[in-house]
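Taking it in order: structure first as structure tokens, then the write-up.
The values are calculated or read from the model by the stated rules, or taken from the named source; none is laboratory data. It should be emphasised that the depicted structure is a prediction, and the values quoted were computed from it without experimental measurement. Quick reminder, even Gly has a Cβ in these numbers, built from the backbone with ideal geometry, and neighbours come from all protein chains shown. Side chains included, ligands, DNA and RNA excluded: accessible areas come from the protein's heavy atoms. Shrake-Rupley method; radii C 1.70, N 1.55, O 1.52, S 1.80 Å.
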Amino acid sequence: MKIASFSVKNSSFTIIIFMMVLALGLNSLVNMPRGEDPPFNAPIYVITGIYPGTSPADMEELVADPIEEVIYELDDIKKITTQCDDGLMFMQVEFVYEVDPVAKNNDVIREVNKLRPQLPDGLIALDVIRAASSDVVIMQIALHSELADLQTVRDHAEKLEKEIEKLRDIKAVKVQAVPEREIAIQLDLDQLARRRLGVNQVLGAIQANNVNIPGGSLDVGTRRFNIKTNSEFTSLADIRSTVVMASASGGLTRLEDIAEVRYAEEEESYLARYNGERCLWVNVTMKDKKNIVQVRKQLAPVLESFEAGLPPSVHMDLAFDQAESVDRRLSGLGKDFLIAIALVLLTLLPLGMRAASVVMISIPLSLAIGLALLNLMGYTLNQLSIVGMVVALGLLVDDSIVVVENIERFLRMGHSRKEAAVLATKQIGIAVVGCTITLLLAFLPLAFLPEGSGDFIRSLPMAVMLTVIASLFVAITIIPFLASKVLKEHERPEGNRFLQLFMKYLN
């Protein structure tokens, strides 16, 4: 093979390529996006509607059917699944996988918003949710206290939320398990009857006094002033002093005269516990194709600073950190890497320590090239691509072993190191390429799986195939070059002691 002859005869160029490959591999290992799972954006959308007090049949007739009609008018619809319950509608809209998920998301939102004025006024919520892998929580922080009230803990949680949202790689931060604060107005029916007031009259007075309307502008000479009519409630005192009725004698009936006004909390739909203690969750999600380890490093000083500023009565604990599982999988890859090198050293002892060392170099080189190619093609380092690397560890030394063994054979025949490296590689080059192609054909069906399943698992076969292709490149370029520099000039025809003992055992 000419490429083998070129690499052996142009040692300086080969060394530069060798160093560049290692640098690219290390750069990809450190900086390429990594996470628990590969990014996955399927054109699947969930439409939820809440209409309290409505039966499933009415929910279907009044809400689900009109939405289905407008959604079915969109192109590339694959399937719509709708489930109606008491006061609740759950609709899943799935498009064919080849469409643009962002464009279809805009189409669905546009059609739902266009239909919204025609739906019943009692529909209190109608949301469109897009399925995305970036919605998976990468970190869950628990804020809990035995002494402080829930509102105090919530204030600290919202402060932490604002601090984390400043990081550029963070997609969203949500505080969960905290009921919203509400204003409760409990009317005194006896006072209403005595003053001859109706409930609708009270509601109208409250609504009329809680408005914020722009009032235009006023020109004074060469200056213009904006006018704003502001009558929003800012405190409980403002609400209590709302005038409900004015009598002819000049007397005023205020809301506090006929009702009790106080702060309250909305009905709790679920409870959160951390080690048996009531808590609030601060959930953090990361943008697609970001390095979770680097994001964790960005979060660390924010969390440390926030925890140092907490009062003694409020505690913070890290309940879940996805970066730890990613690090654990990468450390597992490192252990498998060391095991593979040890096994190669053990199995190649009959060829000699120098030959075993040359073959072992193909392992980090092939992995480095494979990582660089994965990064270049837009894949991330996740649990599936790591599994692919582990599978490839058992395949990537095959080509190098065959090449080194044939070079050793030519050395025992009396050829010089450069001649042996070139002639041996040229003799079996076609066979090595054929074996590599056979391995690639075994993983091609996985790489071409259709739709969502194929998109999700594709990083595994691609990691195997790219690493095996890298091992072929290493076997016909770097390995002949190293063999021409490292192996002994004259090998004994009978081989070393390990080979002699092995051949004696076979005979």
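Cα-based Rg (one decimal) and Dmax (whole number) for the chain, in Å?
Both quantities, over Cα of the chain: 35.1, 125 Å.
Spin-label point model (7 Å from Cα, Cβ direction): what's the Phe320 to Gln298 distance in nm?
Label-label distance for Phe320 and Gln298, simple model: 2.1 nm.
Show Arg409, Arg34, Arg194, Arg273 ordered by accessible area, largest first, where the area counts protein heavy atoms only and the probe is 1.4 Å. Present the calculation step by step, with values, prior to reporting the outcome.
On the way: Arg409 95, Arg34 20, Arg194 160, Arg273 115 Å².
Ranked list, largest accessible area first: Arg194, Arg273, Arg409, Arg34.
Working out 0.36 nm times the residue gap between Gln151 and Glu419, then minus their Cα-Cα distance, what length gain in nm do you get to one decimal?
88.4 nm
Efficiency by 1/(1 + (r/R0)^6): what FRET value for Glu68 and Gln207, r their Cβ-Cβ distance, R0 = 41 Å, to the nearest 0.05? Mind showing how you got there, number by number?
On the way: r = 35 Å, r/R0 = 0.85.
So, using R0 = 41 Å, E works out to roughly 0.75.
Can you list the residues of the range 419-436 with backbone N under 19 Å from a point 7 Å past the Cα of Met377, pointing along Cα to Cβ?
433-436
Scanning the chain for helices, which whole DSSP H stretches are 20 Å or more long along the axis (Cα) and average 1.6 or more by Kyte-Doolittle?
Values: long enough: 11-31 (30 Å, 1.80); 101-115 (21 Å, -0.58); 150-165 (22 Å, -1.19); 292-308 (24 Å, 0.37); 322-347 (38 Å, 0.71); 353-376 (35 Å, 1.80); 398-412 (21 Å, 0.06); 417-447 (41 Å, 1.33); 459-476 (26 Å, 2.28).
Within the chain the helices that satisfy the rule are 11-31, 353-376, 459-476.
Based on Cβ point charges of +1 for Lys and Arg and -1 for Asp and Glu, what charge dipole magnitude is obtained for the chain about its Cα centre, in debye rounded to the nearest 20?
Details: 49 positive and 62 negative charges, 725 e Å.
Approximately 3480 debye in magnitude.
Note down the Stokes-Einstein diffusion coefficient of the range 339-457 in µm²/s, whole number, using a Kirkwood radius over alpha carbon pairs, 25 °C, and 0.890 mPa s. Display every interim value, and only then the final one.
Details: Rh = 16.2 Å.
My calculation gives 151 µm²/s for D.
Let me check against my output: what whole-number percent is the relative contact order of the chain, with C-alpha pairs under 8 Å and at least 6 apart?
Working: 790 pairs, mean separation 110.3, N = 507.
Contact order relative to length: 22 percent.
Work the Kirkwood hydrodynamic radius out for the range 49-205: mean of 1/r over every pair of different alpha-carbon atoms, inverted, in Å. The partial results should precede the final answer.
Working: mean 1/r = 0.0497 Å⁻¹.
One over the average 1/r among Cα pairs gives 20.1 Å for the range 49-205.
Students often forget the sequence filter, so: which aspartates and glutamates lie under 12 Å Cα-Cα from Lys485 once same-chain residues fewer than 8 apart are removed?
Within the straight-line cut-off, Lys485 pairs with Glu419.
Computed FRET efficiency, Cβ-Cβ of Asp288 and Glu158, R0 22 Å: what is it to the nearest 0.05?
Details: r = 26 Å, r/R0 = 1.18.
In this case the efficiency is close to 0.25.
Can you spot the lysines whose alpha carbon is less than 18 Å from Lys79's alpha carbon? Ignore those fewer than 8 places along the same chain.
Excluding near neighbours in sequence, the set is Lys104.
Could you name the aspartates and glutamates whose alpha carbon sits less than 19 Å from that of Lys289, not counting residues in the same chain fewer than 8 places away?
Lys289 reaches Glu36, Asp37, Asp100, Asp135, Glu165, Asp169, Asp321, Glu324, Asp327, Asp455.
In the structure shown, do any of Lys78/Lys171; Lys159/Lys290; Lys174/Lys287; Lys9/Lys488 have a Cα-Cα gap over 21 Å, and if so which? Please report the intermediate quantities before stating the final value.
Values: Lys78/Lys171 29 Å; Lys159/Lys290 24 Å; Lys174/Lys287 14 Å; Lys9/Lys488 18 Å.
Listed pairs above 21 Å: Lys78/Lys171; Lys159/Lys290.
Which FRET efficiency value, to the nearest 0.05, is calculated for Arg181 and Ser331 with the Förster distance at 56 angstrom and r the Cβ-Cβ distance?
Values: r = 45 Å, r/R0 = 0.81.
The formula returns an efficiency of 0.80 here.
Give me the Kirkwood hydrodynamic radius of the range 1-94, using the inverse of the mean 1/r over all pairs of distinct Cα atoms, in Å to one decimal.
Working: mean 1/r = 0.0536 Å⁻¹.
Over the range 1-94, the inverse of the mean reciprocal pair distance is 18.7 Å.
Can you compute the helix-only [θ] at 222 nm over the chain? Use -39500 (n - 2.57) per DSSP H run of at least 4 residues, normalise by all residues, nearest 500 deg cm²/dmol.
Theoretical 222 nm ellipticity from helices: -16500 deg cm²/dmol.
Gain in length, Phe40 to Met20, computed as 0.36 nm per residue apart minus the alpha-carbon separation, to one decimal in nm?
Extra length from Phe40 to Met20 when fully extended: 4.0 nm.
In nm, give the distance between the simple-model label positions of Thr48 and Asn27, each being 7 Å from the Cα along the Cα-to-Cβ direction.
So the label points at Thr48 and Asn27 sit 4.4 nm apart.
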